[in-house]
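The values are calculated or read from the model by the stated rules, or taken from the named source; none is laboratory data. Note that this is a predicted model, so its numbers are computed, not measured. Cβ placement follows ideal geometry from the backbone for every residue including glycine, while neighbour counts extend to all protein chains displayed.
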Amino acid sequence: MPRNLSRTDVVIVGMGAAGGVAALPLTNAGLKVVGLEAGGWLSPRDFAPDELRNGARNWPQSVQKAASEAPTLRATTADQAVQGGHPMMNAVGGTSMHYWAQSWRLNPWDFQVVTATRERYGANRIPAGSTIEDWPFTYTELEPYYDKVEYAVGISGQAGNVQGNMNPAGNIFEGARSREYPMRPLRASPFTDLMGTAARNLGWNPFQGPAAITSELYDGRPPCQYHGFCNRGGCHVQAKGSTAFTVIPKAADTGNLEVVTFARVINIVTDNDGKVTGVDYIRGNETFFQPADAVLLASYAYENVRLLQLSKSRAFPNGLSNNAGQLGRHYMSHHQGSPVLALFDRDLHNWYGLPAQGVAIDEWADDNFDHADLDFIGGANLWVHTDRKPMGAAKMNTFGAVSSWGSDWKAFIMKNADRSNMSYIQKTTLPYEDNYLDLDPVVKDPLGFPVTRITARYRDNEKRIAAFSQDKMEQWYLEAGAIKVSKFGPGNAMGASTHAYGGTRMGLNSDTNVVNEWGFSHEAPNLGILGGSVMGNSGSRNPTLTVQALAWRTAEYLASNWRSVVG
Amino acid sequence: MADNNNNDKTQSEQQATDQPSNPSRRNLLKGVGFVGAAALSTAATSNLIAADSPPGTGPAADSIVAREALEVLTALEAETLEAICDCLIPSDDNGPGAREARAVHYIDRSLASHNSEARHNYMIGLSAVNDYARQTGGMAFHQLGRDQQNATLRAVQNNNLDGFAPSSGGFFNMVRSHTIDGTFCDPYYGGNRDFVGWDMIRYPGIRLGASESDVAQGADLAPNHQSAYDHSTYTKMAQNMLGTPESRRKGGSDHA
């Protein structure tokens, strides 16, 4: 039997990008919060500028709980599911410890894809088999929460639309924001200047994208030092706005937050009325029951769905909040593959850059261009960035110029190690009827619980965006003086991703969605769900800021409507 | 169920004692940083990112080589692999290559740590390379002339040979990748000796901060020849918390 702990107001399962943010409004409201985290505390000393450690040694993911329960993957039910790696890590702060920290708001179109598409192009343009719905609210509803997170976490960037006042130095396609970013954008570099100039020559509107990275002293944290190990590395000066260095310490300051590390939650407990009563977790070799009036599930898309599927009870025989059969449905991995690779005839000076120091083009994203004569909806944000480290540089593509070894190859990399660049193109990705997450019938974690099985693939809409956006990207590189350009294939199976969406989708219709417009279960009213798993489509940019804005909104709703939520 | 919990326990309990479960901001910052974030001003940052050891290449080469063990590879395997690495990234008119970087030393050690799963494939693959060399050239791979060695490797790369795990092409790609790792990794891991790999591609070196002017100089920025672990904050005993510069330097470089 689990050891019973004393009751708390709220348990948050997972103290990462979403759970860490949710802790702040709850503890500020005076609620007692227990944050259960599968990993431990890390410090800036743990993030050495060491490419081998971060890459081949896969530190710190290699020792994590997540790695032991990586999902299996198959494109269709006809394929054999194979276990891959897990893209996320466990720690206080979660993967926000080492993410790229690009911190976008979704564009208004992403919230209203069905309605906006029908109005502009007629009824027949939603791709066949897609289960997409409008979000239960518009961009305007989420705007105040984007704003709160931007200031609490510390986002650097250039606004393009402040209360309708447009500034072409920023993204002119973004929704209106109530005020400027709290910090100016990260600095430019010779490469971002080169690409920015080329984009303007094409008549496009380049801008420096937003990042949860300090560009100046902010809230006691020093500015980014541009040392070049941001990608797959945490920050040695706390310039990266991981929740472990921003909102979690603030929540701890209230005295209302208890963080329990190395706690592996194995079950969300419900009573016969379908209300959540707390969670069971293992720490060391002991099992505990933590009673709570409300539970916020904030692990990750895969783990959120899996824990609910494993939490069976009399009220929920098919898994918690799954009486409508929607748990695991509407799953997506963001289409961010199919890059374009370019070779230049001059050094790009990218040794000391970072993924968030780059130039964005939004002309070909979302519905920012006319699709009347195209065979897809949505689009892609084009992004080029500075970031290069020596092992990766030496493994560069040789564009067919030489073989992959020997003296000719050596001469090639000596000349070209700092002359290539790979784009990052994030595409509108939609949910489809037979893309889903369930429990693998064979593969289990070391505790004996089945891991998640992903059955999902991209469809024509994503592949057509990929081809279209690659052409735009090629045009941009050539304008900037690239001497060779190479395109990668369109992708098929949706692999386990750092941008995973769906599985506990948010919507008004309880027959097709797991959580309501506030992020609480349609079936278990005091269970809130945080993370990309509530999002019904991806947008064409990184999800974390949206996940955090939604988390803040759900937590604030719980604090403001405590009696009605917990009953 | 729960067969991994006993292993977890010691570690989690130890780490748990390092951290208050309900940390105040002050304690929390003490726990997460060698310098509390609140205390970090821009001035403190420039202090922080200044290298805390002068550029240098460590002890004399001879004293290291004399005391070095083969940790995983047999003597013949190491000789075979040395010859392969020399073909892949040759020492030539353009300067030193994988041999001078000591890529084989790196690979040997990596097979006892993060590449341990590849150990079997190396055993099988290096043996198959020598079998083929003897069949076609009458001697072990490392004894062949360079042209014959290159021809052998092309056959391995093109997946033409039997006796490899999982395939001869797969073996080639693995060895190529590890040879690059060993030539361009942080010198802490036993390769990239004297920074020959980083100099080869004009990587100006590990810095804890890069100014706009550093970036503008590109490859003209003078290489600083520093390992990540020349910066004491990443070593076992952080100099600015514990110990003396002398004790720190002992723990700081290649432990071979």
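Can you name the condition, by its number, that B:ASP220 falls short on among (1) at pLDDT below 95; (2) in contact with a strand residue (DSSP E or B) (Cβ under 8 Å, 6 or more places away or on another chain); (3) not small (Gly, Ala, Ser)? For B:ASP220, the failing item is (2).
Given the criteria closer than 23 Å to B:SER177 by Cα, in a loop (DSSP other than H, G, I, E, B) and among the polar types (S, T, N, Q), does A:ASN421 qualify? Considered against the rule, which asks whether it is closer than 23 Å to B:SER177 by Cα, in a loop (DSSP other than H, G, I, E, B) and among the polar types (S, T, N, Q), A:ASN421 comes out as no. Of all the criteria given as (1) buried (at least 24 other Cβ atoms within 10 Å of the Cβ); (2) over 26 Å from B:MET174 (Cβ atoms); (3) not aromatic (Phe, Trp, Tyr), the one not satisfied by A:PRO390 is (2).
Within segment B:142-169, the set of residues being closer than 21 Å to B:ASP108 by Cβ and touching a residue at least 24 places away in the same chain (Cβ under 8 Å) comprises B:HIS142, B:GLN149, B:LEU153, B:VAL156, B:PHE164, B:ALA165.
In segment A:28-47, which residue that is outside any helix (DSSP H, G or I) and either at pLDDT below 90 or over 23 Å from the mean Cα position of the chain (by Cα) (or both) is surrounded by the fewest Cβ atoms within 10 Å (Cβ to Cβ)? For segment A:28-47, the residue satisfying everything is A:GLY30.
Is it the case that segment A:50-63 has a residue that's in a helix (DSSP H, G or I), charged (D, E, K, R) and within 30 Å of B:SER116 (Cβ to Cβ)? Yes, some residue in segment A:50-63 is in a helix (DSSP H, G or I), charged (D, E, K, R) and within 30 Å of B:SER116 (Cβ to Cβ).
Reported count of residues in segment A:215-264, each being more than 8 Å from chain B (Cβ to nearest Cβ) and either among the basic types (Lys, Arg) or in contact with a Phe, Trp or Tyr (Cβ under 6 Å, 6 or more places away or on another chain) (or both), is 6.
Specify the residue that is nearest to the other protein chains (Cβ to nearest Cβ); the eligible residues are those in segment A:442-501 that are among the acidic types (Asp, Glu), in a helix (DSSP H, G or I) and over 22 Å from A:GLY203 (Cα atoms). Filtering first and then ranking leaves A:GLU462. Entry remark, segment B:194-218: residues being over 18 Å from A:MET414 (Cβ atoms) and in contact (Cβ under 8 Å) with a residue 40 or more places away in the chain number 3 in total. Among the residues of segment A:394-404, the ones that are within 12 Å of chain B (Cβ to nearest Cβ) and surrounded by fewer than 23 Cβ atoms within 10 Å (Cβ to Cβ) come to 4 in all.
The set of residues in segment A:137-161 that are touching a Phe, Trp or Tyr at 6+ places or on another chain (Cβ under 9 Å), surrounded by fewer than 24 Cβ atoms within 10 Å (Cβ to Cβ) and charged (D, E, K, R) comprises A:GLU141, A:LYS148.
Criterion applied to B:TYR122, B:TYR106, B:TYR132 was being of a type outside the set (Val, Ile, Thr), part of a helix (DSSP H, G or I) and within 17 Å of the chain's Cα centre (by Cα), and the one residue passing it is B:TYR106. Scoring A:GLU180 on the criteria (1) of a type in the set (D, E, K, R); (2) at pLDDT 95 or above; (3) under 30 Å from A:ARG346 (Cβ atoms) leaves a single failure, condition (3). Is it true that A:MET414 is within 14 Å of another protein chain (Cβ to nearest Cβ), outside any strand (DSSP E or B) and out of contact with any Asp or Glu (no Cβ under 9 Å at 6 or more places or on another chain)? It is true that A:MET414 is within 14 Å of another protein chain (Cβ to nearest Cβ), outside any strand (DSSP E or B) and out of contact with any Asp or Glu (no Cβ under 9 Å at 6 or more places or on another chain).
Rundown of residues vs (1) assigned to a helix (DSSP H, G or I); (2) in contact with an Asp or Glu (Cβ under 9 Å, 6 or more places away or on another chain); (3) closer than 21 Å to A:GLY157 by Cβ, yes/no style:
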site: A:SER510; (1), (2), (3): no, yes, no
site: A:ASN537; (1), (2), (3): no, yes, no
site: A:VAL547; (1), (2), (3): yes, no, yes
site: A:TRP552; (1), (2), (3): yes, no, yes
site: A:ARG563; (1), (2), (3): yes, no, no
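Within segment A:517-548, the residues that satisfy the criterion of being in contact (Cβ under 8 Å) with a residue 60 or more places away in the chain, surrounded by 24 or more Cβ atoms within 10 Å (Cβ to Cβ) and farther than 22 Å from A:ALA380 by Cβ are A:SER521, A:ALA524, A:LEU527, A:GLY528, A:ILE529, A:LEU530, A:GLY531, A:SER533, A:GLN548.
The number of residues in segment B:203-219 being at the interface with chain A (Cβ under 7 Å from one of its Cβ atoms) and under 21 Å from B:TYR106 (Cα atoms) comes to 2. Taking A:ASP50 as the residue in question, decide whether it is within 14 Å of chain B (Cβ to nearest Cβ) and either surrounded by fewer than 21 Cβ atoms within 10 Å (Cβ to Cβ) or over 30 Å from B:THR235 (Cβ atoms) (or both). Here the answer is no, as A:ASP50 does not meet what is asked.
Given the criteria surrounded by 20 or more Cβ atoms within 10 Å (Cβ to Cβ) and touching an Asp or Glu at 6+ places or on another chain (Cβ under 8 Å), does A:ALA199 qualify? Answer is yes for this residue. Summed over segment A:135-157, the residues that are free of Cβ contacts under 8 Å to residues at least 60 places away in the same chain, in a loop (DSSP other than H, G, I, E, B) and closer than 24 Å to A:TRP100 by Cβ give a count of 1.
Filtered by the rule that a residue be touching a helix residue (DSSP H, G or I) at 6+ places or on another chain (Cβ under 8 Å) and at positive phi, segment A:205-254 gives A:ASP219, A:GLY220, A:TYR226, A:ARG232, A:GLN238. Of all residues assigned to segment A:72-82, none qualifies as being of a type in the set (Lys, Arg), at negative phi and crowded, with 24+ Cβ neighbours inside 10 Å.
Residues in segment A:119-134 include at least one that is free of Cβ contacts under 8 Å to residues at least 40 places away in the same chain and not in a loop (DSSP other than H, G, I, E, B).
Among the residues of this structure, B:GLY190 does not count as one that is more than 9 Å from chain A (Cβ to nearest Cβ), within 25 Å of B:VAL156 (Cβ to Cβ) and either surrounded by fewer than 24 Cβ atoms within 10 Å (Cβ to Cβ) or among the polar types (S, T, N, Q) (or both). Inspection of segment A:358-370 identifies at least one residue that is of a type outside the set (Gly, Ala, Ser), part of a loop (DSSP other than H, G, I, E, B), in contact (Cβ under 8 Å) with a residue 40 or more places away in the chain and more than 22 Å from A:LYS487 (Cα to Cα).
Here are some conditions: (1) within 13 Å of chain A (Cβ to nearest Cβ); (2) surrounded by fewer than 24 Cβ atoms within 10 Å (Cβ to Cβ); (3) of a type outside the set (A, V, I, L, M, F, W, C); (4) part of a loop (DSSP other than H, G, I, E, B). B:GLU100 meets all but one. Which one does it not meet? Every condition holds for B:GLU100 apart from (4). Looking across segment A:183-209 at every residue that is in contact with a strand residue (DSSP E or B) (Cβ under 7 Å, 6 or more places away or on another chain) and in a loop (DSSP other than H, G, I, E, B), the one that is farthest from the other protein chains (Cβ to nearest Cβ) is identified as A:TRP204. Going by what's in this entry, would A:VAL92 be described as within 14 Å of chain B (Cβ to nearest Cβ), more than 19 Å from A:ARG541 (Cα to Cα) and not small (Gly, Ala, Ser)? Spelling it out, A:VAL92 is indeed within 14 Å of chain B (Cβ to nearest Cβ), more than 19 Å from A:ARG541 (Cα to Cα) and not small (Gly, Ala, Ser).
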